[in-house]
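Asks: First the structure, then my questions, so here it is.
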Amino acid sequence: MYYVELLLVGLVWGCTYAMMALGLTLVYGLLRILHVAQATVFTLGAYVGLLVANHTGSLAAAFVAAGLAAGALGPLIYRLVYQPILDKPPFVALVASIGVLIAMEDGFRLVFGPYGLSFAKNTWFTTSLRFGGLSLNLVQIWIAIAAVVLLLLFALFATRTRAGVAWRATVSDPAIAESFGVSVSGVRHLSFFIASVLAGVAGVLVGLLNNLVEPGMGSVISYKGLAIIVLGGLGNVPGTLLASVLLGVVESFGTVYLDKVMDRDAIAFMFLIVVLMIRPQGLLGKAH
Amino acid sequence: MLEGRDLSIAFGGVRAVAGVNLRVERGELAGLIGPNGAGKTTLLRLLTGVLAPDSGSVRFEGRDVTQMPIHRRAQLGFVLTHQIVRPFRDMTVLDNVMVAAATQVTLRPWRALVSVDTRPARLRAQALLARLGIADAADKPARSVPLGYLKRMQVARALALEPRLLMLDEPLAGLNYTEAARFADLIAQLNAEGITIVLVEHNLGEVTRIARRLLVLHNGAVLAEGVPRDVMARHDVRDAYLGADQDAVAHA
Amino acid sequence: MDYYLSVATFAALNVILALGLNLISGFCGQVSLGHAAFYGLGAYGAALCSVAGLPMGLSVAVGMMVAGAFGILTGFAALRVREDFLAIVTMGVGFLFLGAVRKQAWLGAEMGIAKIPSPLDKWGYAMLAIGGAVALLLLSLHVRRSWMGRAFGAVAQDEDAARSIGIDVSGYKIAAFFIGTAAAGLAGGIYAHMTQLIVPDAFNFVQSVTILAMVVVGGIGSTLGVVAGAVLLTLMPEMFRFINDYKLLVYGGLLLAVMRFSPEGLAGLVHRWTGRRLA
Ligand SMILES: Nc1ncnc2c1ncn2[C@@H]1O[C@H](COP(=O)(O)OP(=O)(O)OP(=O)(O)O)[C@@H](O)[C@H]1O
Ligand SMILES: [Mg+2]
């Protein structure tokens, strides 16, 4: 039973990572940018969600507001930060992105204070469900549901809609897509929008899960998000999802068995390094 | 001098090179031809170690070099120029050739650390640039000179390594008629000076003019081999170039 | 006076760290987002030796070798993965170091190592750090002029082309990692003795990014630019006391602004204004 519980907890974390990492992989696939600043979008989503929830008492309103705020911030970062430096060497965008993250994190601290805020009423957090000997709280269940539903919606979008087809065409060859009348700039904005909405929603969920929203909550999860997309084979969507779930489970078991040796973040990156030394192109990346 | 045995590699199902055997004799100038996608570049990459073969082996001067890293083969005098030019873009044309001219010094990092004398390498590099007729671009950054120059710079860089076996992948592509003829003459002259050369080219006029032996590659396998005149007269070679066999399959 | 001395010492330590990273990332082209880990390895290595009773000089040397040895290991990783993959792997090395040290009782876990013997006075540390910085500055200028620098340049610009002209790319990458991380170890050893107390958090990801910021603000690849970047970023919060509370805000904003308007850093600006390239 204990193992099953560890597995479930790991899967729930995997779902959270997936919501974060899918966006990072979209951005990477399109622009070859390691979008660390996505952490900011995640944290903004969490704060907006918390404020709205505490004011209106409605979690539904909180999610919508968080999604919209995050969805606005991501494309804005693209416009103001990345677009002007797309032709520069890759580290330029990476460093700029780290700059955005550090500045915004400090900004959150100045506006909302350093210690973090809690939800006034967090019934999901306090309600647990039991199945046999297992106990999960409602937030964990909602994380799993949200991840599955959002990823399915994304899959439908990518395979069944015109915009999705245009998007995939742009990923595989921007020049050809453009010559068929696809707006490459539009596709980029759309990708940042999708990535950011997912991150914003994930931010609220993680805020609920810990019943705490704090300025630095996004950074570690976005570093791990980067580790995940690298693990999955940079820009590879199925690889990213697989890596997310694997990482969640490895962390969950690792924190129990390796507790004396290293902390949770170290376990995650250890896993990354070991996998990459064996398969330098990532789990599902192509060789050559 | 060079012997490839049963070389094969596949890229996700596509057998780019399938069981090729070939020998290159010391002092010869062999042309390697074949239609687009025949596997010529891939074969050169297998021979020089840029790619590891799925099966087969490569021997250079009697030594099995299949597992030897590229830079070691280059140090032995077994050198490849790339089909797509790969200059060090932020260095000048002269510096590009100088790094190659200094391989004896850069062989060991620690030795390189204590070596600051650039004169011998500079003199050799300048001489090579002059020989290839690109001395006027010596101090320009490689990123700003035209393709014709880069192609020749790449050959200068290869010559700076004092190669004994030189593999040239489409050195004439992108050059105009007179440039190509002059460059082909230079290649023939290098060969006359003792460098063994394998030349991959689509400019059939020039290859047949300077090569003494031709190898035709088609669908990853050797289709024909021999004196240029005989090889070019063969029907299967003509068909391969014209894509006739694909049509034949389609009609059948 | 004491205050100025300690600012000067920190500026010098940052110069050592930044020049070390510049050797790896600027000269040899291998992105590293985990440089603080080697600073930490040097500090912990030296601190353990000193606490065990070794003289300071020897302890610092051991710290350098520990950092350099792990640097070589990271260099081997750089042979397997490139560019963006390498950036994330080195970031991982940083987290791995931190997460492992935090759990080790013999390294003091979260509390770190205290009561490290401190044989020198403030002047002594300042001179030592400045001496180290000058040595590294001279080394960097020398490397750039030497054949090692030219080979690094070839590796940085096109690994495959470098291989095909006979350059031992792996050897050079490992050499770059060794020299750069051993330098970080030197800074760590001096730091540990000077402050007499080290905790894991002094070597976290933000510290790695801070070192990287010095390199890029100065101009990646330019020795003099990087020295200027390191000094500037050390002094900035000191000169403008009022920004101390917004330090990270300004810091992040600065990184962003430099990347956006002059990705070649201070060295790039000098080049634009005077037409001369800084060494
Ligand atoms: N890295 C690779 N990954 C996948 N397929 C490859 C790769 N390199 C070559 N191929 C395939 O192998 C086949 C042979 O390619 P190769 O480049 O060797 O041909 P070539 O004879 O040099 O052609 P060209 O005359 O156009 O230069 C082609 O079908 C090509 O698409
Ligand atoms: Mg070819």
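The values are calculated or read from the model by the stated rules, or taken from the named source; none is laboratory data. Here the structure is a predicted model, which means the values were calculated and not measured. Cβ placement follows ideal geometry from the backbone for every residue including glycine, while neighbour counts extend to all protein chains displayed. SASA here: full protein model, heavy atoms, side chains in, ligands and nucleic acids out. Shrake-Rupley method; radii C 1.70, N 1.55, O 1.52, S 1.80 Å.
Asks: Condition first: farther than 14 Å from C:LEU19 by Cβ and in contact (Cβ under 8 Å) with a residue 24 or more places away in the chain. Now tell me which residues in the stretch C:233-247 satisfy that.
Replies: C:LEU235, C:GLU238
Asks: Considering only the stretch C:66-118, state which residues are surrounded by fewer than 19 Cβ atoms within 10 Å (Cβ to Cβ) and either in contact with a Cys (Cβ under 9 Å, 6 or more places away or on another chain) or under 24 Å from A:GLY29 (Cβ atoms) (or both).
Replies: C:ARG80, C:ARG82, C:GLU83
Asks: Between residues in the stretch B:195-215 that are within 14 Å of chain C (Cβ to nearest Cβ) and within 11 Å of B:ALA184 (Cα to Cα) and residues that are within 13 Å of ligand 1 (Cβ to nearest atom) and at pLDDT 90 or above, which pairs lie under 7 Å by C-beta distance while being six or more apart or on different chains?
Replies: Pairs that qualify, where the first residue is within 14 Å of chain C (Cβ to nearest Cβ) and within 11 Å of B:ALA184 (Cα to Cα) and the partner is within 13 Å of ligand 1 (Cβ to nearest atom) and at pLDDT 90 or above: there are none.
Asks: Here is a further query. If B:VAL24 satisfies all but one of (1) modelled with pLDDT of 90 or more; (2) within 15 Å of the chain's Cα centre (by Cα); (3) within 16 Å of ligand 2 (Cβ to nearest atom), what's the number of the condition it fails?
Replies: If we test B:VAL24 against (1) modelled with pLDDT of 90 or more; (2) within 15 Å of the chain's Cα centre (by Cα); (3) within 16 Å of ligand 2 (Cβ to nearest atom), just (3) comes out false.
Asks: What single numbered condition from (1) in contact with a strand residue (DSSP E or B) (Cβ under 6 Å, 6 or more places away or on another chain); (2) without any contact (Cβ under 8 Å) to a residue 60 or more places away in the chain fails to hold for B:GLY49?
Replies: Failed condition: (1).
Asks: Just give me the residues in the stretch B:55-75 being among the charged types (D, E, K, R) and away from every other protein chain (no Cβ under 12 Å), in sequence order.
Replies: B:ARG59, B:GLU61, B:ARG63, B:ASP64 - these are the residues of the stretch B:55-75 that are among the charged types (D, E, K, R) and away from every other protein chain (no Cβ under 12 Å).
Asks: Exactly one of these conditions fails for B:ALA16: (1) more than 14 Å from chain C (Cβ to nearest Cβ); (2) under 14 Å from the mean Cα position of the chain (by Cα); (3) of a type in the set (A, V, I, L, M, F, W, C). Give me its number.
Replies: The number of the failed condition is (2).
Asks: Then there is this: Looking at the stretch A:233-242, can you tell me whether even one residue there is among the β-branched types (Val, Ile, Thr) and at pLDDT 90 or above?
Replies: Checking the stretch A:233-242: not a single residue is among the β-branched types (Val, Ile, Thr) and at pLDDT 90 or above.
Asks: Now for a separate question. Could you grab me the full set of residues in the stretch A:81-97 that are open to solvent by less than 30 Å² (accessible area, probe 1.4 Å), facing chain C (nearest Cβ under 7 Å), out of contact with any Ser or Thr (no Cβ under 9 Å at 6 or more places or on another chain) and modelled with pLDDT of 90 or more?
Replies: A:ILE85, A:ALA96
Asks: Does B:VAL58 satisfy being touching a residue at least 12 places away in the same chain (Cβ under 8 Å), away from ligand 2 (no atom under 16 Å from the Cβ) and under 27 Å from B:HIS202 (Cα atoms)?
Replies: Judged against the criteria, B:VAL58 is a match.
Asks: On to the next question. Kindly indicate whether A:TYR78 is hydroxyl-bearing (Ser, Thr, Tyr), in contact (Cβ under 8 Å) with a residue 24 or more places away in the chain, open to solvent by 20 Å² or more (accessible area, probe 1.4 Å) and out of contact with any strand residue (DSSP E or B) (no Cβ under 9 Å at 6 or more places or on another chain).
Replies: So A:TYR78 fails the test.
Asks: Looking at (1) facing chain C (nearest Cβ under 8 Å); (2) open to solvent by less than 30 Å² (accessible area, probe 1.4 Å); (3) among the β-branched types (Val, Ile, Thr), find the lone condition where B:VAL50 falls short.
Replies: (2)
Asks: I would also like to ask the following. Give the stretch A:105-137 a look and list any residue that's in a strand (DSSP E or B) and farther than 23 Å from A:ALA39 by Cβ, or say none.
Replies: Within the stretch A:105-137, A:SER128, A:LEU129, A:ARG130, A:PHE131, A:LEU134, A:SER135, A:LEU136, A:ASN137 meet the criteria.
Asks: Of the numbered conditions (1) buried (at least 19 other Cβ atoms within 10 Å of the Cβ); (2) out of contact with any strand residue (DSSP E or B) (no Cβ under 8 Å at 6 or more places or on another chain); (3) not in a helix (DSSP H, G or I), B:MET153 satisfies every one except a single condition; which is it?
Replies: Unmet for B:MET153, out of (1) buried (at least 19 other Cβ atoms within 10 Å of the Cβ); (2) out of contact with any strand residue (DSSP E or B) (no Cβ under 8 Å at 6 or more places or on another chain); (3) not in a helix (DSSP H, G or I): (3).
Asks: Another question, then. Go through C:ILE179, C:ILE165, C:ILE198, C:ILE190 for me and flag whichever is buried (at least 22 other Cβ atoms within 10 Å of the Cβ) and without any contact (Cβ under 8 Å) to a residue 60 or more places away in the chain.
Replies: Testing whether each residue is buried (at least 22 other Cβ atoms within 10 Å of the Cβ) and without any contact (Cβ under 8 Å) to a residue 60 or more places away in the chain leaves just C:ILE165.
Asks: Taking the stretch C:16-38 as the search range and keeping residues that are part of a helix (DSSP H, G or I) and open to solvent by 10 Å² or more (accessible area, probe 1.4 Å), which one is farthest from C:VAL93 (Cα to Cα)?
Replies: Per the stated criteria, the residue is C:GLY26.
Asks: Residues that are more than 13 Å from ligand 1 (Cβ to nearest atom) and among the β-branched types (Val, Ile, Thr): find the strands (runs of 3 or more DSSP E) completely inside the stretch B:1-53 holding 1 or more of those.
Replies: B:14-24
Asks: Only one of (1) over 16 Å from C:LEU136 (Cα atoms); (2) open to solvent by less than 10 Å² (accessible area, probe 1.4 Å); (3) over 14 Å from the mean Cα position of the chain (by Cα) fails for C:THR9. Which number is that?
Replies: For C:THR9, the exception is condition (1).
Asks: Another one. Can you tell me which residue among A:ARG264, A:ARG279, A:ARG188 is of a type in the set (D, E, K, R), more than 14 Å from chain C (Cβ to nearest Cβ) and open to solvent by 10 Å² or more (accessible area, probe 1.4 Å)?
Replies: A:ARG188
Asks: Residue check: is A:VAL256 open to solvent by less than 50 Å² (accessible area, probe 1.4 Å), more than 16 Å from ligand 2 (Cβ to nearest atom), assigned to a helix (DSSP H, G or I) and out of contact with any Asp or Glu (no Cβ under 6 Å at 6 or more places or on another chain)?
Replies: For A:VAL256, the condition - open to solvent by less than 50 Å² (accessible area, probe 1.4 Å), more than 16 Å from ligand 2 (Cβ to nearest atom), assigned to a helix (DSSP H, G or I) and out of contact with any Asp or Glu (no Cβ under 6 Å at 6 or more places or on another chain) - is not met.
Asks: Identify, by number, the condition in (1) facing chain C (nearest Cβ under 9 Å); (2) of a type in the set (Val, Ile, Thr); (3) not in a helix (DSSP H, G or I) that B:ILE84 doesn't meet.
Replies: Every listed condition holds for B:ILE84 apart from (1).
Asks: Here is a follow-up. Mind telling me which of the residues C:ILE179, C:ILE211 ends up being touching a helix residue (DSSP H, G or I) at 6+ places or on another chain (Cβ under 7 Å), aliphatic (A, V, I, L, M) and closer than 21 Å to C:SER146 by Cα?
Replies: Matching residue, one of C:ILE179, C:ILE211: C:ILE179.
Asks: I've got another one for you. Sort through A:SER252, A:SER219 and tell me the only one that's away from chain C (no Cβ under 14 Å) and either under 13 Å from the mean Cα position of the chain (by Cα) or at negative phi (or both).
Replies: Every option except A:SER252 fails the conditions.
Asks: Please go through (1) within 14 Å of chain A (Cβ to nearest Cβ); (2) of a type in the set (S, T, N, Q); (3) within 23 Å of A:ARG109 (Cα to Cα) for C:SER262 and return the number of the only condition it doesn't satisfy.
Replies: (3)
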